[in-house]
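Here is the structure we will look at, set down as structure tokens.
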Amino acid sequence: MICELCKREVDETTFHHLIPVTLHTKKWYQKNYNFNYLKTHGIDVCELCHYAIHHFYDEKTLGKNYNTLELLLESELIQKHIKWARKQKTSH
């Protein structure tokens, strides 16, 4: 499997909701996105990248400012993480 963020080949990925699940019931998100979109809009990332995303940004910031792969990739913190992650060994 390939991480959509760092592009490393890893044994498994996890699904990162680009709009965090905790925001799905908030009125603004329900008004601006349909239910299916909220549930399925995400990326498959390795454990290192998934941890980094949630370490760097709180859920409100992720939902408002980093709700696409392109926006995440524009983040300076994420870019620094990607450079670091690409140097890490994979488990396969």
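The values are calculated or read from the model by the stated rules, or taken from the named source; none is laboratory data. Only a predicted model underlies this, so the values are computations on that prediction, with no experimental measurement involved. Methodologically, a virtual Cβ is constructed for each residue, glycine included, from the backbone with ideal geometry; neighbour enumeration extends over all protein chains shown. Please note that ligands, DNA and RNA were not included when accessible areas were found on the heavy atoms of the full protein model with its side chains. Shrake-Rupley method; radii C 1.70, N 1.55, O 1.52, S 1.80 Å.
Annotations for the structure displayed:
- The residue that is least open to solvent (accessible area, probe 1.4 Å), among those in region 3-23 that are free of Cβ contacts under 8 Å to residues at least 40 places away in the same chain, closer than 21 Å to GLU70 by Cα and not hydroxyl-bearing (Ser, Thr, Tyr), is HIS16.
- Under the condition of being open to solvent by 90 Å² or more (accessible area, probe 1.4 Å) and touching a strand residue (DSSP E or B) at 6+ places or on another chain (Cβ under 8 Å), the residues counted in region 24-48 number 1.
- Residues (touching a residue at least 24 places away in the same chain (Cβ under 8 Å) and outside any helix (DSSP H, G or I)) located in region 33-48: HIS41, GLY42, ILE43, ASP44, VAL45, CYS46
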